[in-house]
Amino acid sequence: MSSPAATAPAAFPAESAAAPAATKALVIGAVGIALTLVGLLVSGTKVVAYSWLVGMTFWTAIAIGMLMLCLIHHIFDASWSTVIRRQFEHGLSAFKWLALLFLPLAITPFLGHNADLVWPWMDLTNEIHGGHTVGHDPLYLKKSAFLNSNAFLIGTFGSFLLWMWLAARLRKASFTQDKDGDLKWTFMNRKTAAFGLPIGAFSLTAIAIFWVKSLEYHWFSTMYGVWFFANCVRGALSVGVIIMVWLAARGDYKGILNKNHYHSIGMLMLAFTVFWAYVTFSQYFLIWNANVPEETFWYNLRELNHDGSTNQWWYVGLALLFGHFFLPFFFLLSYRFKVTPHIIRRIAFWILGVILLDMCYNILPAMKDSHEDSLPFLSLNLVWTLTSVVGVGGICVWSYLRSFPTAKLIPIRDPRIGESLTHHE
């Protein structure tokens with residue numbers, strides 16, 4: 001273990017430089033939220049609720065990914081990622097605001113007979129196929145110990161509390177070590193990582209099932225938590241690249257960041273691109289091969305209308321196949337693309353875009369018309385989805401920028417900082 005590099009070139013970021021950007025992000029977030037509220041008058045509550053769920057799931061996934069990357073960093077005692085870990089730690093400050101922004105969806109169970117605004121199983125009197133109600137549905141009764149309003153609220157806000165607790169421990173130890181250089185903070189974060197990783201794995205799986213998978217609760221999938229985890233980490237890595245390029249362009253990372261840091265994070269992006277493809281293909285292949293109606297209907301909704309015609313979601317699925325895997329995969333194979341800041345930043349933006357598309361593909365088709373066909377992708381509903389993403393995202397970026405000036409740019413007294421500053425392949 002190398003000795004702390006207390007003389008590393010990393011002063012406090014200028015608060016005067018971060019404050020205007022934070023204010024702009026807050027204003028953008030407020031405008032996005034306000035425009036989403038307009039959607040309540042134009043398209044109705046149900047459409048806007050689904051759109052808000054997309055925005056919440058997208059940004060919560062990125063925050064979870066940052067948390068998991070910090071925990072993985074500590075459990076492996078990694079060196080190369082030390083100089084960029086601090087930016088993920090700032091990103092963890094968004095959890096409390098995400099919990100607050102989820103409150104409009106959390107009141108769903110208390111809306112009586114309108115409780116099926118988003119999750120149909122929350123209203124036991126809700127009619128399903130064949131004239132039966134949710135309360136008399138055998139499939140629901142088998143899952144009711146997990147899929148009930150109390151479990152949903154406890155699972156959701158319990159997960160937020162766990163994430164905030166883990167984030168607080170990681171941030172406190174890391175920020176305090178900048179001041180006193182005590183190795184006990186490094187050991188504290190390793191212990192946090194040891195129990196934090198299983199907590200994170202179970203909680204993100206619960207959230208993926210509660211928020212997204214249970215929109216169509218008849219569906220079965222054993223891969224869903226892993227699919228969500230892949231998107232969480234890919235999203236966090238992409239945001240990390242964008243932050244790295246931004247700070248390098250500002251001059252903050254001068255003398256700190258080198259090509260090998262870009263190459264290492266690019267290799268992780270490539271690895272999780274392959275991982276996402278493996279998980280997604282495995283799920284599709286197993287369901288297609290088994291041909292069990294309780295599983296195949298989920299994909300049928302995203303391919304065909306009731307009359308057998310191809311719907312718009314079929315083309316979204318194809319876009320995910322090529323945009324989520326093939327294009328990032330082939331671009332990230334290139335060493336030059338990984339180490340060229342403006343190119344890897346474009347790849348990062350692309351990946352974030354297809355992750356958002358993936359969230360839409362998993363959430364929005366649960367809204368159906370009178371023929372039980374999924375509502376089309378290209379409709380007014382997409383507008384409220386975009387305003388929701390901007391609204392929630394603006395608050396998350398504001399939270400990051402608000403935390404940005406409160407600590408050193410990099411963990412200057414971390415025992416691995418010397419190795420990180422001289423990182424090579």
Backbone N under 19 Å from the Leu103 label point (7 Å along Cα→Cβ), restricted to the range 399-416: 399
Counted neighbours (other Cβ, 10 Å), sorted fewest up, put Tyr262, Tyr50, Tyr284, Tyr224 in the order Tyr284, Tyr224, Tyr262, Tyr50
If the cut-off is 17 Å between C-alpha atoms, which lysines fall inside it for Lys179, apart from same-chain ones fewer than 8 positions away? Lys408
Under the rule rounded for a/c under 1.5, else prolate if a/b exceeds b/c, else oblate, using alpha carbon gyration tensor axes a ≥ b ≥ c, the range 178-262 is classed as oblate
Under the 7 Å Cα-to-Cβ spin-label approximation, Leu286 and Lys46 lie apart by a distance in nanometres of 3.2
Could you work out how far apart the two model spin labels at Phe202 and Phe157 are, taking each label as a point 7 Å from the Cα in the direction of the beta carbon, and quote it in nm? 2.0
List every residue whose amide H lies under 5 Å from the amide H of Leu304, counting only residues 5 or more places away in sequence or on a different chain, with H placed 1.01 Å from N in the peptide plane. Asn311
Given R₀ = 56 Å, what would the calculated FRET efficiency be for Lys172 paired with Phe220, taking r from the Cβ atoms and rounding to 0.05? 0.85
Less than 21 Å apart at the alpha-carbon level, and either on another chain or at least 8 residues along: which lysines does that give for Lys213? Lys46, Lys142, Lys143, Lys368
Of every Cα-Cα pair in the chain, the percentage lying beyond 33 Å is 34
Relative contact order (percent, whole number), the range 65-197, Cα cutoff 8 Å, 6+ residue spacing: 30
For Lys172, give me every one of the aspartates and glutamates with a C-alpha distance below 16 angstrom, ignoring sequence neighbours fewer than eight places off in its own chain. Glu89, Asp180, Asp182, Asp414
Assuming 0.36 nm per residue, please report the length gained on full extension of the stretch Asn300 to Glu372 beyond their Cα-Cα distance. 24.8 nm
What is the extension gain from Leu321 to Phe110, computed as 0.36 nm multiplied by their sequence separation minus the C-alpha to C-alpha distance, in nm to one decimal? 72.1 nm
Fewest to most neighbouring Cβ within 10 Å: what's the order for Arg402, Arg413, Arg250, Arg169? Arg250, Arg169, Arg402, Arg413
Helix 184-207 sits off the longest principal axis of the Cα atoms of the chain, rounded to the nearest 10 on a 0 to 90 degree scale, by 10
Amide H partners (placed H, <5 Å) of Thr133, local residues excluded: Ile128
Return the sequence-ordered ³J(HN,Hα) values of the range 384-398 in whole Hz as given by the Karplus equation 6.51 cos²θ - 1.76 cosθ + 1.60 applied to θ = phi - 60°, using x for Gly and Pro. 5, 5, 5, 5, 5, 5, 5, x, 5, x, x, 5, 5, 5, 4
Taking amide H atoms as placed 1.01 Å from N in the peptide plane, list the residues 5 or more away in sequence, or in a different chain, whose amide H sits under 5 Å from that of Lys368. Leu375
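None of the figures in this text is laboratory data; all of them are computed from the coordinates on show. These numbers were taken from a predicted model, which means no experiment stands behind them. Reconstructed Cβ throughout: ideal geometry from the backbone, glycine too, with neighbour counts over all protein chains shown.
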